[in-house]
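Mind looking over this structure? Questions follow.
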Amino acid sequence: MSYNDRLIRASFKQQVDRVPVWYMRQAGRYDPEYRKIKEKYSLLEICKQPELAAEVTLMPVRKLGVDAAILYSDIMNPVASLGIDFDIVKNIGPVIDNPIRSAADVDRLRPIDVEGDLSHILETIRILDKELDVPLITFAGAPFTIASYLIEGRPSKGYIRTKTMMYSEPEVWHKLMQKLGDMVITYVRAHIANGGKAFQLFDSWVGALSPKDFRTYVLPTITRIFTELSDLNVPKIYFPGVASGELLPALHNLQADVIGLDWRVSISEGRQRLGGKFAVQGNLDPYLLTAPMELIKEQAKLIIDEGIKEPGYIFNLGHGLFPEASLEKLRELTAYIHEYSAEAMKSGVTVTND
């Protein structure tokens, strides 16, 4: 069995024969087979069954032909080890039974015990390490995004409680960031030690902050995470989530390899804002998948043409797949990305801004 390392090579800005592609939330409800599994088990129940979680992780690799698997899990899983009680509620998301509202609440958070509390996730990774012929991307939720759930108690649009703590009780906020940063570092190290071949730090909602507030209240912890994991010889991806284009110039000193872009910033503009340091990943609007296939390919071509101007490009969506997406369209899109990018790279075609 040959091993497809395109994602790893692209992450390190090495030569590839075609653009690698994977999709955030590629194991999910757009797949009828997965929906049948969800009729019987909840997300958290699937996560606690390593064989089943591994199978769900493998399904999109087999069906779509993508160049990486992403671990079937949830960004909230590690917080259970800290002493947080939560559930993933249908049509809502994470709901916290004991939200963080005070210094005492932060103080009661325990250090993460990955081997003791989350051994099922490590077992899933070990199974996948034996089964996959593409890299396994594991992931963690970034401290701001996790904190927004822990403080608000559920998903939020305005993050009023989160920002209130950030502005009014900065010492409590920074202590929470410290503890969540420690959680991420320990969690990711365990993933890689058990067979993960890359990791992504999801900061889905940090675009809610101004660049100044991001630099003050969040970036020091993100910087520490990537610095302390810099010895791991795997691709390190930071996805600053939706509406985060204004934050990109702040990332220049991160010891990451890849930055994920949402669809509001072009690949070329994203590279410019990042100072040309990183490989980039993205950035098709996921809801474009509702369009006719001809338009999807047209937009994908434009993104690919920008992506291959420089080494270090991975095709992805600008955010996660949604339930109404089409399995057939995703399969056709994946094939198109591979075929078109291989032809464009082989012919040496470059695209100008003229």
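The values are calculated or read from the model by the stated rules, or taken from the named source; none is laboratory data. Please read all numbers here as calculations on a predicted model, not as lab measurements. Quick reminder, even Gly has a Cβ in these numbers, built from the backbone with ideal geometry, and neighbours come from all protein chains shown. These accessible areas exclude ligands, DNA and RNA; they are computed on the full protein's heavy atoms, side chains included. Shrake-Rupley method; radii C 1.70, N 1.55, O 1.52, S 1.80 Å.
With touching a residue at least 24 places away in the same chain (Cβ under 8 Å) and closer than 25 Å to Leu150 by Cα as the only criterion, which of Lys197, Lys175 stands out?
Lys175
Go through the range 302-329 and count every residue that is of a type in the set (Asp, Glu) and at pLDDT below 95.
1
Which residues, taken from the range 159-177, are in contact with a helix residue (DSSP H, G or I) (Cβ under 7 Å, 6 or more places away or on another chain), open to solvent by 50 Å² or more (accessible area, probe 1.4 Å) and under 15 Å from Val218 (Cβ atoms)?
Lys175
Cβ-Cβ distance below 6 Å, separation of 6 or more or different chains: which pairs start in the range 256-283 with a residue that is of a type in the set (S, T, N, Q) and end on one that is open to solvent by 10 Å² or more (accessible area, probe 1.4 Å)?
So the pair list comes out as Ser268/Glu306; Asn283/Trp263.
While we're on this one: Out of Glu131, Glu123, which single residue is out of contact with any Cys (no Cβ under 6 Å at 6 or more places or on another chain), modelled with pLDDT of 95 or more and either farther than 30 Å from Val19 by Cα or not acidic (Asp, Glu) (or both)?
On inspection, the qualifying residue turns out to be Glu123.
Something else: Of all residues in the range 272-299, count the ones that are over 22 Å from the mean Cα position of the chain (by Cα) and charged (D, E, K, R).
Residues that pass the stated criteria total 3.
Moving on to the next point. Which condition number does Ser156 fail, the rest of (1) open to solvent by 10 Å² or more (accessible area, probe 1.4 Å); (2) of a type in the set (Ser, Thr, Tyr); (3) modelled with pLDDT of 95 or more being met?
Ser156 satisfies every listed condition except (3).
Of all the residues that make up the range 60-81, how many are part of a helix (DSSP H, G or I) and buried (at least 19 other Cβ atoms within 10 Å of the Cβ)?
Total satisfying the criteria: 7.
So Ile303 clears everything in (1) in a helix (DSSP H, G or I); (2) aliphatic (A, V, I, L, M); (3) open to solvent by less than 10 Å² (accessible area, probe 1.4 Å) except one condition, right? Which one?
(3)
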